[in-house]
Amino acid sequence: MAKIVVIGSMNMDLVVQTDEIPKVGETVLGNALLQIPGGKGANQGVAIAKLQNDITFLGKVGKDGFGDELLLSMESAGVHTEYIGREIVSTGIAIINVDKNGNNNIVVIPGANEKVDEEYLNKHSKVIKDSEIVVFQLEIPLETVKVGLKMAKNLGKITILNPAPAMELDDEIIKNIDILIPNEHELERMSKIKVTDEDSILEASRQLINKGIKQIIVTLGSRGAMYIDKSGHAFFKAHKVKAVDTTAAGDSFIGGFVSSYIEDKDINKAIDMGQRTAALAIQKVGAQSSLPTKEEVENFK
């Protein structure tokens, strides 16, 4: 089986359930506090593993109870965790407020994720060399992402970047991305073009493609997704479901997409798999706890 490597963040998500997310200076009553393994990198790794793929994770946690729990969660999903580092700092933490409509806001404290550096990647370069696809996000240091993308490209690997959280990226990073999977806000931040409609999505995407990215998939939430490459573009409608918690929507899409894409490089099939996975994930609370199995995705109508 072809191998996937995810290089990224691991966080313990502290999820506050409340009727409404408080405004600045406002106090509201919460309904529950949940402690759920998360982090964009770890979520994507677990999503890929639960869809029965050979996936190895590179990242770091602290030498604390949260770190123990995160490793256990990933291992139980089937992720290869033997190269994950442990540092004498706190494990990454995300504090997530979720309202009754499934909307959320998030504060991330990086902790050990900030220790994922070039030295660590060089130490585990064989893991990348033995893979076919390498997946990145932006919750580890940007310089590490730059080094990792360049390393993966030099080794002839397919590189995928989910540019979250949104930030501007230099051309040295952009030229080493094969497939970019942003949402509208992330696309706007990267391209510096105001994204308001289909035309502006295409304009922003084509600017990035001209800088070296081969394929772009813009996730549009409940509206679906748009695919853009040099030859054209296509729109994919989302599956209609009732959202309970959208926390891992993007991560689950990427998990489903990568799981399908590695099989036969069929972009249409892979986007559909991503949308199915996301539709199932947003119907449950939490990040990793909401991610569906391969059987659930295959049976989804």
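Since every read-out is calculated from the coordinates, none of them should be taken as a lab result. Source: prediction; values computed, not measured. Glycine also receives a Cβ, built like all others from the backbone with ideal geometry; neighbour counts cover every protein chain displayed.
Some observations on this one:
- Computed over the chain, the per-residue total of -39500 (n - 2.57) for DSSP H runs of n ≥ 4 gives a 222 nm mean residue ellipticity of -10500 deg cm²/dmol, rounded to 500.
- Within segment 152-179: backbone nitrogen closer than 12 Å to the K194 label point (7 Å, Cα to C-beta): none
- Pairs beyond 20 Å (Cα-Cα), from K3/K126; K60/K153; K23/K192; K150/K194; K211/K269: K60/K153; K23/K192; K150/K194; K211/K269
- Taking the inverse of the mean 1/r over every pair of distinct Cα atoms in segment 1-46 gives a Kirkwood hydrodynamic radius of 13.0 Å.
- Fraction in percent of alpha-carbon pairs per bin - 10 Å, segment 24-147: 12, 41, 32, 12, 3, 0
- At the listed q of 0.11 Å⁻¹, the Debye profile of segment 3-299, built from one uniform point per Cα, gives log10 I(q)/I(0) equal to -0.60.
- Its relative contact order, with pairs defined as Cα atoms under 8 Å and 6+ residues apart, puts segment 3-299 at 17 percent.
- For segment 157-187 and segment 109-140, distance of Cα centres in Å: 16 Å
- Each part gets one Cα centre, and for segment 1-60 versus segment 72-108 those centres are 4 Å apart.
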